[in-house]
Amino acid sequence: MWHVYVLQSIDHSFLYIGSTNNLDRRLKEHNEGLNMSTAPYKPYIVRTSISFPDEKHARMLEKYFKTGSGRTILKKRILNDEDLAEHKVQSEA
């Protein structure tokens, strides 16, 4: 099972979009500072995740969420939080 996930920094105005086949392990890696792009903003909570049976479809949604329209849909429709409009979004390429 693959997951597209959105992390929210607890202490900063920062969201991170990624995908993984092991969400618990990946959250632990982010919170331990093992990802250079997220380390300065730790700790994190998983704000949402969407599961897929395969990597291909998970990566497609992750890529879409990294576009301008994808971020808008993510923030307004999925996360249901108008306050997130000002949050910086970071994603791995």
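The values are calculated or read from the model by the stated rules, or taken from the named source; none is laboratory data. These numbers come from a predicted model, not from an experiment. Every residue, glycine as well, gets a Cβ built from its backbone with ideal geometry; the counts of neighbours run over all protein chains shown.
Of all residues in region 3-22, those satisfying the criterion of being closer than 18 Å to Lys63 by Cβ and not in a loop (DSSP other than H, G, I, E, B) are His3, Val4, Tyr5, Val6, Leu7, Leu15, Tyr16, Ile17, Gly18, Ser19, Thr20. Contact map, region 65-91: first residue polar (S, T, N, Q), second residue at pLDDT 90 or above, Cβ cut-off under 6 Å, separation 6 or more or different chains; pairs are Gln90/Tyr16; Gln90/Ser37; Ser91/Ile17; Ser91/Lys66. For the criterion of being under 13 Å from the mean Cα position of the chain (by Cα), surrounded by 14 or more Cβ atoms within 10 Å (Cβ to Cβ) and at pLDDT below 90, Leu79 passes.
What tally of residues in region 14-23 results from selecting those that are under 13 Å from the mean Cα position of the chain (by Cα) and either modelled with pLDDT of 95 or more or of a type outside the set (A, V, I, L, M, F, W, C) (or both)?
Within region 14-23, residues that are under 13 Å from the mean Cα position of the chain (by Cα) and either modelled with pLDDT of 95 or more or of a type outside the set (A, V, I, L, M, F, W, C) (or both) number 6.
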